[in-house]
Every structure is written in C-alpha cells, then in structure tokens.
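Written out below as structure tokens is the structure these notes cover.
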Amino acid sequence: MISLDWPELERVLPDHQGLPRAVVELAMPMGSPSSKQGAAGAMRGGATTIALSAIRSTHAADSQAWCAWITPEGTPMLYAPQVAQAGVDLDRLLVVRPDPASLARTVVKVAASGAFDLVVVDALAGLDGKLAGPTPHPFPRTKVKAPAPRRVDGSVVVRKLALASEEKGTGFLLLTNMYASRPVPWPVALRLEVERRPEAIAVRVTKDRSGRSHSTGASAHVVRLAS
C-alpha cells in the first residue's frame, strides 16, 4: 500500500490503509461532458493534492525513495515552492516534460526503468500514442520507408504500467479528466473521482482493485484537507 498519512481520507478508501501499489486513477471534473475545456489543462485541485500527499509519504517512509512526475510540454508546470510546502523532497522528485506525442512512450519507459517508487502522470489529455520511435531502415540510402510505429489506445499503456507495477513494485497515479470518453475502459486497480471543495476534497470510489464497479451516482465522501 501507498500510505497518504491522511487518516480521514484513508478511512473512505476500500482498504482503509491508503492507495494500492498499482495503477490508480484520480479523475477530476475538467470542463463539462460536452466541452473540451481542460483536455490539456493544468494539474490542479483534489487529484494534485492527493498525489503530493502520496509523494510526501513515500519520501518520508524511505530516505532513498525517488518519485517522478510526468507532464506534457505545453501544460502548466508544478510550482516548486508549493510542492516543497506540501512536504515533498524536491531533490528526490524527477519532473519529466515530454512533448505530447511522446507521452505514452515516455511513461512506459519510466515504468520499465524500475527506478521510482511512485510515478504520477498528467493524463488529462489521455494516454493514446506510440510506444516506440521510428524504426531506422537498415539501408538508409534506399527510398523504402520503414513502417511507422503503431498507435495504441490508453488501455494498452495502462496494462503495461500494471505489469511494471507487479514486476518492479512501482505505484502509478494517473491524473485524468472525469469527462473524457474512452473506447475501452482502463484496467486500473482503483479509480477515484475527486473534486476540490473549500478546505476539503469530495472523493467518490467508482472502481476498486477487486474489479467491482461502483455506482457513479453514489454520494461522495467529503474529507478535510490534511494539515
């Protein structure tokens, strides 16, 4: 488990101990179901607060633990003073800023490295993409083009992260847009819908590691921000 050092929030989670060390989705209401607003917007609100708490607790539990935060170029960067104020050790947080077209490939490479205890991914615009770069032709002077890498949907990327989690013990937090449509559901171990409130966060569990889907109409738990 990934402790959050946030008892009030942990009590409303399925295991009452924190987040599973697996692939966890933190979905935020970015825009509206019929709007594209927030598709590539800033990481903000309740999901970011929970992610920073997880990083802080990971650093506190192990003085050698490293975490990574992957966010595409063109989106607002993390504000270092605020991150430090949240208790995160900036010396052990790697921020990766790939171009949007390389996000999926970068996330999979970071996962395969096994170098991080926890990886946070800004996936507000999704995780669809190519998992490999262009293949160079063995005879560069020929005019025959090498086949372009195949583009995959986000569910394939999430499955690769789940395998990396099982093999390396890495935890993954995916920050997503609650209103994003997907051709195939993502195979995450836990999905939380979170929304920032004044001095609190509303949290609704919509899927847990057992594979059970919870009613999206269920009432959200409102938890106070950790002090």
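The values are calculated or read from the model by the stated rules, or taken from the named source; none is laboratory data. None of these values were measured; they are calculated from a predicted model. Here Cβ is always computed from backbone atoms with ideal geometry, including for glycine, and neighbour counts include all displayed protein chains. To get the accessible areas, we keep the full protein, side chains included, count just its heavy atoms, and leave off ligands, DNA and RNA. Shrake-Rupley method; radii C 1.70, N 1.55, O 1.52, S 1.80 Å.
Go through Arg191, Arg197, Arg224 and list them by solvent-accessible area, largest first, probe radius 1.4 Å.
Largest to smallest exposure gives the sequence Arg224, Arg197, Arg191.
If amide H atoms are built 1.01 Å from N in the plane of the peptide, which residues on other chains or at least 5 residues away come under 5 Å of the amide H of Leu127?
Residues meeting the criterion, in which the H sits 1.01 Å from N, are Gly154.
Per 0.36 nm of contour for each residue apart, how much would the distance between Ser181 and Ala132 grow if the chain were fully extended, relative to their Cα-Cα spacing?
Fully extending the segment from Ser181 to Ala132 adds 15.2 nm.
Measuring from label point to label point, each 7 Å out along Cα→Cβ, what is the Ser3 to Val95 span in nm?
2.8
Compute, for Tyr79, the solvent-accessible surface of its heavy atoms (probe 1.4 Å) with the complete set of protein chains present, and express it in square angstrom to the nearest 10.
140
Could you give me the ³J(HN,Hα) list for segment 17-29, computed from phi with Karplus coefficients 6.51, -1.76, 1.60 and θ = phi - 60°, whole Hz, x at Gly and Pro?
Per residue, the Karplus-derived 3J(HN,Hα) values read 10, x, 9, x, 7, 7, 9, 10, 9, 10, 9, 10, x Hz.
Skipping prolines and chain starts, which residues have an amide H placed within reach, meaning under 5 Å, of the one on Ala27, given they are 5 or more residues away or on another chain?
Thr176, Leu192, Glu193, Val194
Once the other residues with Cβ under 13 Å from the Cβ of Ala80 are scored (Lys, Arg +1; Asp, Glu -1), what is the net sum?
Numbers: positive: none; negative: Asp89, Asp91.
With Lys, Arg at +1 and Asp, Glu at -1, the net is -2.
What percentage of the solvent-accessible surface of segment 85-133, computed with a 1.4 Å probe over protein heavy atoms, is contributed by carbon and sulfur atoms? Don't skip to the end; give the middle numbers.
Numbers: 1050 of 2030 Å².
Of the solvent-accessible surface of segment 85-133, carbon and sulfur hold 52 percent.
In nm, give the distance between the simple-model label positions of His16 and Ala60, each being 7 Å from the Cα along the Cα-to-Cβ direction.
Each label point lies 7 Å from its Cα, and together they span 2.1 nm.
Which FRET efficiency, nearest 0.05, do Ala115 and Ala220 yield, Cβ-Cβ r, R0 45 Å? Display every interim value, and only then the final one.
Details: r = 35 Å, r/R0 = 0.78.
Computed FRET efficiency for Ala115 and Ala220: 0.80.
Within the P(r) computed for segment 52-105, what percentage of the Cα pairs occupies the region above 19 Å? Don't skip to the end; give the middle numbers.
Values: 453 of 1431 pairs.
Percent of Cα pairs beyond 19 Å in segment 52-105: 32.
Show the residues, 5+ positions off or on another chain, whose built amide H is closer than 5 Å to the amide H of Val96.
Correct list: Trp69, Ile70, Thr71.
Give me a comma-separated list of calculated 3J(HN,Hα) values for segment 120-126, in order, Karplus coefficients 6.51, -1.76, 1.60 applied at θ = phi - 60°, integers in Hz, x for any Gly or Pro.
Calculated HN-Hα couplings, in order: 9, 10, 6, 10, 4, 9, x Hz.
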